[in-house]
Amino acid sequence: MAVKETQGARPMTIEELRAIKDKKFTGVLFEHPQGYGTVEVARLTRSEREQIQKATVSYDGGRYVVDTALQNRMAAAFGLVNPKMTAEQLLAWPDDFIEPVADEVWRMSNDYKEAAAKGDGEAPAPFSKKSGFATGTPTESTDSPAK
């Protein structure tokens with residue numbers, strides 16, 4: 001069985017990868033500021049962000065139109081771990097419940113993206129933006145010694 005190796009040249013098993021994913025997307029308790037009690041929320045995955053983008057952004061007559069109410073409802077639905085609800089079920093809930101939950105889910109998701117951009121050690125290492133494909137030269141490493 002072939003094993004995918006990461007930067008540390010240490011083989012990663014599927015179980016180790018699942019543990020890393022579970023750690024990143026584990027729910028945290030959030031005390032609702034409007035008195036709805038404590039709910040458990042988690043950050044959005046990349047595919048959830050893409051689904052929200054596709055469902056809520058449309059192009060109309062030369063400009064993009066964003067349905068922010070649907071964005072918030074979908075973010076809350078994807079981010080709520082406990083109680084788990086769909087976007088359709090959240091239609092019955094008032095905005096003062098949905099918006100703080102959605103704000104917390106967006107905050108957690110965006111904080112992770114910013115940490116990934118800074119390279120805090122928890123995020124995957126970024127790929128080089130330079131490519132040697134067109135020139136036939138090797139790709140320049142961002143951490144290679146100065147020439």
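The values are calculated or read from the model by the stated rules, or taken from the named source; none is laboratory data. Note that the coordinates shown come from a computational prediction; the quantities given were computed from them, not determined experimentally. As a convention, Cβ positions derive from the backbone with ideal geometry for all residues, glycine included, and neighbour counts pool all protein chains shown.
Some values worked out for this structure:
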read-out	value
Residues located in region 7-18, provided they are surrounded by 11 or more Cβ atoms within 10 Å (Cβ to Cβ) and either of a type in the set (A, V, I, L, M, F, W, C) or modelled with pLDDT under 75 (or both)	Pro11, Met12, Leu17
Qualifying residue in region 114-124 (condition: surrounded by 13 or more Cβ atoms within 10 Å (Cβ to Cβ) and either within 24 Å of Val39 (Cα to Cα) or at pLDDT 85 or above (or both))	no
Helices (runs of 4 or more DSSP H) contained entirely in region 35-120, each with at least 1 residues that are farther than 20 Å from Lys24 by Cβ and touching a residue at least 24 places away in the same chain (Cβ under 8 Å)	68-79, 95-118
Residue count for region 7-34, restricted to those that are in a helix (DSSP H, G or I), among the basic types (Lys, Arg) and more than 29 Å from Glu99 (Cβ to Cβ)	1
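Residues are listed down the side, and each one gets a yes or a no for (1) modelled with pLDDT of 85 or more; (2) surrounded by 13 or more Cβ atoms within 10 Å (Cβ to Cβ):
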{"site": "Gly62", "(1), (2)": "no, no"}
{"site": "Ala75", "(1), (2)": "yes, yes"}
{"site": "Leu80", "(1), (2)": "yes, yes"}
{"site": "Thr86", "(1), (2)": "yes, no"}
{"site": "Leu91", "(1), (2)": "yes, no"}
{"site": "Ile98", "(1), (2)": "yes, yes"}
{"site": "Val105", "(1), (2)": "yes, yes"}
